[in-house]
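The values are calculated or read from the model by the stated rules, or taken from the named source; none is laboratory data. In this text the structure is predicted, and so the values were computed from the model without any measurement. In this analysis, Cβ positions are derived from the backbone assuming ideal geometry, glycine residues included, and neighbour counts consider all displayed protein chains.
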Amino acid sequence: MRKLLAILMAAVVSLGMIKAHVSWNPNTEPDMAYYRLQRAVGDTSEWVEFKIVHPETTYVDTLLPEWGGKRVFYRLAAVDTAGNSSAFCDPVSIVVPDVIAPEVPAGIRVKVIVEIETLP
């Protein structure tokens, strides 16, 4: 099978949700069945797999806010109707934006100082 090229389109922040839009060039082989899209957060040792049925060539992934500042990797393989899988393409990645606000400041104080000036 031809090597697939995965293209990571963008990470979009809307209403507190972070989405990664992943797309790739379609496989044109007549016996194409589905794609194996995998994601790893932080490093490439633990991959989570998503099955994308052919001819679909996009996937929208919801990223967790606590992943902010971490790199997220994606890679893709093609599987035919006989169950033969291609090798995975080289991973592509994004850095998840930090959308978690800092804690509310505490300990704020105000002090009133009255200065009286006496006239001679």
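Do we have Leu37 as at pLDDT 95 or above and either of a type outside the set (S, T, N, Q) or exposed (fewer than 10 other Cβ atoms within 10 Å of the Cβ) (or both) here? So Leu37 passes the test. Each residue in the stretch 76-86 was checked for being among the hydroxyl-bearing types (Ser, Thr, Tyr) and either buried (at least 18 other Cβ atoms within 10 Å of the Cβ) or more than 15 Å from Asn27 (Cα to Cα) (or both), and 1 pass.
Screening Thr62 with (1) on the phi < 0 side of the Ramachandran plot; (2) assigned to a loop (DSSP other than H, G, I, E, B); (3) at pLDDT below 95; (4) surrounded by fewer than 11 Cβ atoms within 10 Å (Cβ to Cβ) gives one miss only, at (2). Residue count for the stretch 65-120 satisfying the condition of being among the polar types (S, T, N, Q) and modelled with pLDDT under 95: 2.
Number of residues in the stretch 66-75 that are over 10 Å from the mean Cα position of the chain (by Cα), at negative phi and either assigned to a helix (DSSP H, G or I) or exposed (fewer than 14 other Cβ atoms within 10 Å of the Cβ) (or both): the value is 1.
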